[in-house]
Structure formats: structure tokens, C-alpha cells
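Just so it is clear, none of the values below were taken in a lab; they were calculated from the coordinates. Quick caveat: nothing in here was measured; it's all calculated off a predicted structure. Positions of Cβ are backbone-derived with ideal geometry, glycine not excepted, and every protein chain shown enters the neighbour counts.
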Amino acid sequence: MNWIRGILALVFGGVFVYAGAVKAADPSRFLIDIRSFDMLPDPFAAWMALGLPWLELLCGLAVILGVLRHGALLILNLALVVFFVAIGIAKSRGLDIHCGCFGGADAASSYTGLFIRDGLLLVTGFTLMWLCRVRRVSVTA
């Protein structure tokens, strides 16, 4: 079970390290993507464009390295739930959004693709939390 947890941690954390690094490299492009959701006014959208990439990057590293993994998984899973809700609200409003999850997109994002990707990430994140909890209980028992 340790190797499964290790692979899932590497993949899950790696996704967020990559996503965070790409967005941190071009926060102005990420700001445009955030604005396409039409949910946050400035300066909050700008703060998100500056802060969220670094949060994703640091939490992704924590998941990979196992340092503060439980907290990082909690933060990333909560962020995925928020992303899922934001995508659902944008879809219900009929907006053509640019996700910006892995850098700026020139074309509008596919809602189906976004729901599938975020759903798979959320399942992976919850599975990792469960695997870490199982390990923690068996170690302390």
C-alpha cells in the first residue's frame, strides 16, 4: 500500500506543482482567466492570481515530500471543491470561461473536460487522504 500512496502522492502533488509554476510564471495571464469566471472583483481577483499559484506549488511539494502532507491534502482538496463549484456556477450562467489551470488558454474551456479532470483529481486527493489516515491509524495502534 505504501507504493500506491507514493505514486498517487507524486502524481497528485506533481499536477499542482506544475499548475502552480505555470501560473506563477505569468500571473497577468492567470488574472485574465480568473476574470473570465466573472465572480471576483478587483483587487480580489488580482490577489488570487498572485497567491493561488504559490499555494498550489507549496502544497503540491508538501504532498510529494510528505512534509505536512495531511494539511496540504486538505487545502488542495478544498480548493478542488471550490474550483468544481466555480465551474458549475460559470456553466449555469452560460459563460465561456478560460480555465487557466495549466496556463492561459486561448479558447474557451470545455465544461465536460473540466468536470472530469477536477473530479478525477478530487477522487485522487480523497484517496490519498484516506491512505494517509489508514497508515497513521495503523502506526499509532
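See the values below:
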read-out: Cα gyration tensor shape for region 55-107, rounded if a/c is under 1.5, else prolate or oblate; value: oblate
read-out: Computed [θ] at 222 nm, deg cm²/dmol, the chain (DSSP H ≥ 4; -39,500 (n - 2.57); rounded to nearest 500); value: -27000 deg cm²/dmol
read-out: Acute angle (nearest 10 degrees) that the helix 69-92 long axis makes with the longest principal axis of the chain, alpha-carbon atoms; value: 30
read-out: Cut-off 11 Å between beta-carbons: net charge of the residues surrounding V63, Lys and Arg +1, Asp and Glu -1; value: +1
read-out: Packing-based exposure ordering (other Cβ within 10 Å, fewest first) of K23, K91; value: K91, K23
